[in-house]
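To keep things clear, I will list the structure first and then write my remarks on it.
The values are calculated or read from the model by the stated rules, or taken from the named source; none is laboratory data. Quick caveat, the model's predicted, so the values are computed rather than measured. FYI the Cβ positions are ideal-geometry reconstructions off the backbone, even for glycines, and counts take in every protein chain you see. Surface accessibility is based on the protein's heavy atoms, side chains included, excluding ligands, DNA and RNA. Shrake-Rupley method; radii C 1.70, N 1.55, O 1.52, S 1.80 Å.
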Amino acid sequence: MLKFHHTGIACRDIEKCVAQYRAHFGSSIFSESNTIFDPEQNANLKLITLSDGTSVEFISGEMVEGLIKKGRDIYHVCYESNAFEEDVNNFISNGAMPISAAKPAVLFHNRLVQFFMTSYGIVELLEFNNET
């Protein structure tokens, strides 16, 4: 089963984007991660979760430069999967094109992630956290 997890936002400067996000949604922010560098993704990342459970991941770095140059800031949507390999295979067999191999994501405590291009945009699948 897939469950919506977060939306990824591409930005040039994470701290500048997050400062504005904080100004807009400050009273609704439940948690905020530190900004981290993920060498597997070659990107700087920060996750903010609002009190209603909605999360936004801010991404900066080489992997999103092309999107930023084109004026696109919504990068991807992420779904958490409790059957990761099965869902990856389902995406592929139903026409989604892998744009990365499955790899551990530092921001999500090394759970596996994999990105796909679909007819409706980029989708990230995130392995379910068995520890919660």
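What the table below lists for this structure:
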| read-out | value |
| --- | --- |
| The chain - share of DSSP beta bridges that are antiparallel (%, nearest 5) | 75 |
| Highest-MSF residue in the chain out of ALA43, ALA23, ALA101 [GNM, Cα springs under 10 Å] | ALA23 |
| Residue-normalised accessible area of the chain, given per residue in Å² at a 1.4 Å probe | 58 |
| Positive minus negative residues near ASN42 (Lys, Arg vs Asp, Glu; Cβ under 12 Å) | -3 |
| Electrostatic dipole magnitude of region 71-132 [Cβ: Lys, Arg +1; Asp, Glu -1; Cα centre; debye, to 20] | 240 |
| Partner aspartates and glutamates for LYS46 [C-alpha distance under 19 Å; skip if fewer than 8 residues away on the same chain] | ASP13, GLU15, GLU32, ASP38, GLU57, GLU62, GLU65, ASP73, GLU80, GLU124, GLU127 |
| Alpha-carbon spread of the chain, three principal axes, descending order, Å | 42, 37, 26 |
| Sum of -39500 (n - 2.57) over DSSP H runs of 4+, divided by residues of the chain (222 nm, nearest 500) | -6500 deg cm²/dmol |
